[in-house]
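Trainee: To start, I am sharing the structure in question, which I have written as structure tokens.
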Amino acid sequence: VVQMQCNMELNEDKTQWHLTLLLILEDKLHRQLSYDLLPTDNSKDLATELVHYGFIHEDDCEKLANFLENAFHKYRS
């Protein structure tokens, strides 16, 4: 992963966050992923899940987890 962008929005009834994540990889491949966050979701588990399903390389897991954690704090506060 060479570049990451994300956006979070509350759904219409303001009970759940929707995450849109754009990842740009070294080979110029772009991945745009969307997910409805659960209250129990955390950045580390989400990054690990993306590794598990082959969306990102294991070497990028910690970097993405930190990025998501910062985004969660920014949008939720």
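The values are calculated or read from the model by the stated rules, or taken from the named source; none is laboratory data. Please read all numbers here as calculations on a predicted model, not as lab measurements. Note that each Cβ is placed from the backbone with ideal geometry, even for glycine, and that neighbours are counted across all protein chains shown. For the accessible areas, the whole protein counts, side chains as well, though only heavy atoms, and no ligand, DNA or RNA atoms are used. Shrake-Rupley method; radii C 1.70, N 1.55, O 1.52, S 1.80 Å.
Trainee: Filter the chymotrypsin sites (Phe, Trp or Tyr not before Pro) in the chain to those in DSSP coil with at most 12 other Cβ atoms within 10 Å of their Cβ, and list the result. Working shown, then result.
Mentor: Numbers: sites: TRP17, TYR35, TYR53, PHE55, PHE67, PHE72, TYR75; in loops: TYR53, PHE55.
Passing sites in the chain are TYR53.
Trainee: P(r) of the chain in 10 Å steps, Cα pairs, percent per bin?
Mentor: 18, 56, 22, 3
Trainee: Within the chain, what's the longest run with no trypsin sites (Lys or Arg not before Pro) in a DSSP loop and at most 11 other beta-carbon atoms within 10 Å? Give the range, please. Before the final figure, lay out each step's value.
Mentor: Values: sites that count: LYS14, LYS28.
Result for the longest clean stretch: 29-77.
Trainee: Right, next: Given CYS6, LEU38, ALA65, which one lies farthest toward the positive end of the charge dipole of region 3-76, if we put +1 on the Cβ of every Lys and Arg and -1 on the Cβ of every Asp and Glu?
Mentor: Checked the options; the winner is CYS6.
Trainee: So what is the accessible area of the chain per residue, in Å², with the probe set to 1.4 Å?
Mentor: With all protein chains present, the chain gives 70 Å² per residue.
Trainee: Run the reach check for LYS28 against lysines, Cα to Cα strictly under 30 Å, same-chain hits fewer than 8 apart removed. What comes back?
Mentor: List returned: LYS44, LYS63, LYS74.
Trainee: What are the GluC sites (Glu not before Pro) within region 5-70 that DSSP puts in a loop, where the Cβ has at most 11 other Cβ atoms within 10 Å? Intermediate results must be reported in sequence, preceding the final value.
Mentor: Values: sites: GLU9, GLU12, GLU26, GLU49, GLU58, GLU62, GLU69; in loops: GLU12, GLU26.
Taking region 5-70 and a limit of 11 other Cβ atoms within 10 Å, the loop GluC sites (Glu not before Pro) found are GLU12, GLU26.
Trainee: While we're looking at this one, here's another question. Can you give me the angle between helix 43-52 and the longest principal axis of the chain, using Cα atoms only, in degrees from 0 to 90, rounded to the nearest 10?
Mentor: 40
Trainee: Now, a different point. Which whole-Hz couplings ³J(HN,Hα) result when phi for each residue of region 61-73 is put into the Karplus expression 6.51 cos²θ - 1.76 cosθ + 1.60, θ = phi - 60°, listed in order with x for Gly and Pro?
Mentor: Result, ordered by residue: 4, 5, 4, 5, 4, 5, 4, 5, 4, 5, 5, 4, 5 Hz.
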